[in-house]
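Okay, so here's the structure we're looking at.
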2 protein chains.
Amino acid sequence: MIRIGIFGYGNLGKGVEAAVAKNKDMELAAVFTRRDPEAVKVMTPGVKVYHEEALKDMKDAIDVLILCGGSATDLPVQTPAYAAMYNVVDSFDTHARIPEHFANVDAAAKEAGKVAVISCGWDPGMFSLNRLYANCILPDGQDYTFWGKGVSQGHSDAVRRIEGVKDCRQYTIPVDEALEAVRAGKQPELTTREKHTRECFVVAEEGADLARIESEIVNMPNYFADYNTTVHFITEEEMKANHSGLPHGGNVIRTGVTGFHNENTHVIEYKLTLDSNPEFTGSVIAAYARAAVRMNKEGQTGCKTVFDIAPAYLSDLSGEELRAHLL
Amino acid sequence: MIRIGIFGYGNLGKGVEAAVAKNKDMELAAVFTRRDPEAVKVMTPGVKVYHEEALKDMKDAIDVLILCGGSATDLPVQTPAYAAMYNVVDSFDTHARIPEHFANVDAAAKEAGKVAVISCGWDPGMFSLNRLYANCILPDGQDYTFWGKGVSQGHSDAVRRIEGVKDCRQYTIPVDEALEAVRAGKQPELTTREKHTRECFVVAEEGADLARIESEIVNMPNYFADYNTTVHFITEEEMKANHSGLPHGGNVIRTGVTGFHNENTHVIEYKLTLDSNPEFTGSVIAAYARAAVRMNKEGQTGCKTVFDIAPAYLSDLSGEELRAHLL
């Protein structure tokens, strides 16, 4: 059994816990938190919650530690720190800081003789992987990534900060016409506005100026100004009944040409439709946690991304079984 | 530059040649044939065609040899024989014989200190890879593979063997309703007939009994009897004008559930839409040829499939560049 530790028990930590329960060769060994452990109740029967402090003493009880903190301030500190003690997996997604994060984690993991997988999930993660494969197969082509339909936490939070807004759920939605033009292999040049629309469901405070709120949303720079945005005001009951999930997904598409006269067009599409963003992300992380443990058992060390890990490591089947059943 | 040799200059050999021309770090070094080399004219300027015999003397001129023969009788002999001299890639697709083929090729490649990639292309190949990734991410789920719309060479050949048939092109077509039910995450149980239909365009000999030909097609065991099949009789001119390409493609879909009460459904879909089956297969092979050379330079040897090869090996970019641009 692969003994999994989870550090951080928010949406992602819970998603990893649900994923571990689906993998017969894994068991959740412990959950770690910076909060009061007594206040954290986990789903898996019999699993103890510890304060972060306990991590320095549990190296023999855990094969791989999943770091479920945020990319802004948690992971840049936590991943190098714990890669010095454990095999680790994180979902670091601040793109511009990946080189620095990779270097810090790589040094710590190599020094400790551990494997650390960073930037794991679906974007970055499975989407990155599909961009890489498709680019290598079709060097003469064009990449497109669409996100949604799904909830963007960052955009929902931005709306919540507007005066008079009690709650918001923001959906990012790919524009059908753009998707179809891409799938037709036409390699269109698409503006931000042409690729996605944004839809906001807003619960306003009683007596708030709805026209002002709507105007502040649709004109908000960076978040909404470059998009066609629709705003719906709803009640708290409607919010709870219809918008409590965290669905997401999207499409990575590469179209390219082959032939001595570029006469043949090919379309490679990878599409995800996810009821729960954190549970799917957690499921990807669980598979790479297995890979981290297996690679480390073989003597490999250092920082890895999805690009560096042979697919067979993700599976609990042997090479013979994989070739017989999945090739 | 990676120096590529192609052995066998049929549709696939030509597809590999077209793919090599799209990769800036590759050059076509030579083409080998069992036919009279004088009778083979290649597309790439300045490239010489040799008889197979020459392969025993060209080890210093070629970094990786692409074997473009058939799976029935060519590759079981050729791949082990040439893995004893070269890094090689083949597209062996006789599923039941993969374990035996892998063992033979692995022994030869290890003995010679070479890397041999077998069963490379899109199915087996990219479809297998997507089945593997999706199975590891969603252990509690169901796999579906659809093929088409595309030309099946085997089915076209089977119809051509019927008395009175001069030519045939057979298209395999996924059933839209089945695809939609799968995409909706319903995990339907689908019969052969419910998944695909078959459509035949037939040129008959003058005076042939069309009703008999149609009946022989639709009732042919293994090939057509289990499918709903449509037969169209067309002229030779129509065949040439409308059915001279070799399009293909298909969908690998896995749907699965997560959550402690299986409350969330996820759909992972990989879809290929290909104008030219052999040129796309050749493009996948070219990327894995690069991987074979790079892995061998690092000291790796033996038989590999797409499962065993870390994605980064397919690219001519460095780890830093991949993380910066594609992660």
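Taking first residues from region B:13-29 that are without any contact (Cβ under 8 Å) to a residue 40 or more places away in the chain and partners that are part of a helix (DSSP H, G or I), the Cβ contacts under 8 Å between residues at least 6 apart in sequence or on separate chains come to B:27/B:20; B:28/B:17; B:28/B:20; B:28/B:21. If you check residue A:169 against the conditions, is it over 22 Å from residue A:242 (Cβ atoms) and basic (Lys, Arg)? The answer is no for residue A:169. Count of region B:72-88 residues, restricted to those that are open to solvent by 20 Å² or more (accessible area, probe 1.4 Å) and under 16 Å from the mean Cα position of the chain (by Cα), is 2. Taking the listed residues A:156, A:128, A:152, the one that is at the interface with another protein chain (Cβ under 9 Å from one of its Cβ atoms), under 26 Å from residue A:275 (Cα atoms) and within 24 Å of the chain's Cα centre (by Cα) is A:128, with no other qualifying. When residue A:324 is tested against (1) within 9 Å of chain B (Cβ to nearest Cβ); (2) buried (at least 17 other Cβ atoms within 10 Å of the Cβ), exactly one condition is not met: (2).
In region A:41-56, what residues are outside any strand (DSSP E or B) and either open to solvent by less than 10 Å² (accessible area, probe 1.4 Å) or over 17 Å from residue A:78 (Cβ atoms) (or both)? Passing the criteria: A:41, A:42, A:43, A:44, A:45, A:46, A:47, A:55. Quick one: in region B:119-150, which of the residues that are touching a Pro at 6+ places or on another chain (Cβ under 9 Å) and part of a loop (DSSP other than H, G, I, E, B) is nearest to residue B:294 (Cα to Cα)? Among them, the one singled out is B:148.
For region B:228-245: of the residues being in contact with a strand residue (DSSP E or B) (Cβ under 6 Å, 6 or more places away or on another chain) and open to solvent by 40 Å² or more (accessible area, probe 1.4 Å), which is farthest from residue B:166 (Cα to Cα)? Among those that are in contact with a strand residue (DSSP E or B) (Cβ under 6 Å, 6 or more places away or on another chain) and open to solvent by 40 Å² or more (accessible area, probe 1.4 Å), it is B:228. Considering only residues in region B:260-311 that are more than 10 Å from every other protein chain (Cβ to nearest Cβ) and out of contact with any strand residue (DSSP E or B) (no Cβ under 8 Å at 6 or more places or on another chain), the one that is least open to solvent (accessible area, probe 1.4 Å) turns out to be B:299. Suppose we filter A:12, A:28 for residues that are at pLDDT 95 or above, assigned to a helix (DSSP H, G or I) and open to solvent by 10 Å² or more (accessible area, probe 1.4 Å); which single one remains? None of the others qualify; the one that does is A:12.
The values are calculated or read from the model by the stated rules, or taken from the named source; none is laboratory data. Every value quoted in this text rests on a predicted model; they were computed, and no experiment measured them. All Cβ positions, glycine included, derive from the backbone under ideal geometry; neighbour counts span all protein chains shown. For the accessible areas, the whole protein counts, side chains as well, though only heavy atoms, and no ligand, DNA or RNA atoms are used. Shrake-Rupley method; radii C 1.70, N 1.55, O 1.52, S 1.80 Å.
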